[in-house]
Amino acid sequence: MCDYKLSKYDRPLKKTEKILLVSREIFNKIFDEKYFRVLVSQDRDGLSKSYYYYILDFYKNVGLIEDNALVSVTVIPFVIENDKIVLDKALLSVTKNGLILIDLNSDKYKCDSCPLKAECKYGLKNVASQLKIKPKGRSLNEIWDNLISQLTKKVINKVVMLPIP
């Protein structure tokens, strides 16, 4: 079961490619409606000026926005379990075609009765081609799970430094 979201954005896209590891709390904050609106749009959309810039600063500090442009990024959340860092089964990917959020820990949709199958398949192909990964599986959920697992292995092998906020 999962939660899936595909959104268009009107911010410019910066060609800097990054893979970010963030805490699950920060990852969940990105899903918040007001935060998400600021991420995908340069319009304030009814938010006060100070709140809009507060949220914008949050994204700049996380590394999702640079010079008012979205960064071509893949974000993977982590949780701490028994003094160990565990990468969670979720990701956010900013591609040239849109912003893709997938959370395999959610109970929102089940593959057999999911109304977003076509969008999900499109998002999967988009993310896999951008990350140069060929995931395997029978259901879309299994394929996403395999993609996230492969990406996790790829990231762990390249982690050199994590900035401390």
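The values are calculated or read from the model by the stated rules, or taken from the named source; none is laboratory data. Bear in mind that the values here come from a model prediction, so they are computed numbers and not experimental data. When the accessible area is computed, the model is the full protein with side chains, heavy atoms only, and any ligands, DNA or RNA have been set aside. Shrake-Rupley method; radii C 1.70, N 1.55, O 1.52, S 1.80 Å.
Tabulated values for the structure
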| quantity | calculated |
| --- | --- |
| Order of exposure, largest accessible area first, which applies to 37, 24, 138 with probe 1.4 Å | 138, 37, 24 |
| With every protein chain in place, the chain: carbon and sulfur % of accessible area (1.4 Å) | 52 percent |
| Ranking by accessible area, most exposed first, for 133, 26, 156 with a 1.4 Å probe | 156, 26, 133 |
| GNM flexibility winner over the chain from 93, 149, 113 (Cα, springs under 10 Å) | 113 |
| Candidate residues 54, 109, 122: accessible-area rank, largest first, probe 1.4 Å | 54, 122, 109 |
| The chain, accessible area per residue, ligands and nucleic acids excluded (1.4 Å, Å²) | 59 Å² |
| Relative contact order for segment 72-165, counting Cα pairs under 8 Å that sit 6 or more residues apart, in percent | 19 percent |
